[in-house]
Amino acid sequence: MSLSKEPKPRSGRLVTSGTGMFLLVFSILVVVLDSANVFAFALSFFVIMIGIMLVMMGAVGGFEKKPEAAHTTTHTEVLREIVKVRCKYCNTLNFETSQNCSNCGAHL
């Protein structure tokens, strides 16, 4: 039986969230047990903010964007054909759907 020297992978999310929860509980206990001390109250406010930040970082830590294994995006290209016809009187190019020539006004 051989022991591996490689460290076990630890969940960073769990450690971060756990530290944040500890700081939240610790700062609330400091405020409750020593509410007369203004310095402890002010310091606890900042510790609560750090604890909230750590809990949020731990909660969001599992949502990193994972790279796609293969590019599965499809590309759709729509081609639109524009057909023009020549006026038989002035040789101006007009759209196929036009009723009259854009240059001389003759019926196409």
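Taking other Cβ within 10 Å of each residue's Cβ, how do Ser35, Ser17 sort, fewest first?
Ser35, Ser17
Please list the equivalent ellipsoid semi-axes of the stretch 12-60, computed as the square roots of five times the alpha-carbon gyration tensor eigenvalues, in descending order and whole angstrom. Write out the running numbers ahead of the final one.
On the way: eigenvalues 109, 16, 6 Å².
In descending order, the three semi-axes are 23, 9, 5 Å.
Just grab the label-to-label distance for Val83 and Phe41, each label 7 Å out from Cα along the Cβ direction, in nm (one decimal).
Simple spin-label model gives 8.5 nm for this pair.
Values quoted throughout were computed directly from the atomic coordinates according to the rules given, and no laboratory measurement underlies them. Note that the structure is predicted; figures quoted are calculated from it, not measured. Methodologically, a virtual Cβ is constructed for each residue, glycine included, from the backbone with ideal geometry; neighbour enumeration extends over all protein chains shown.
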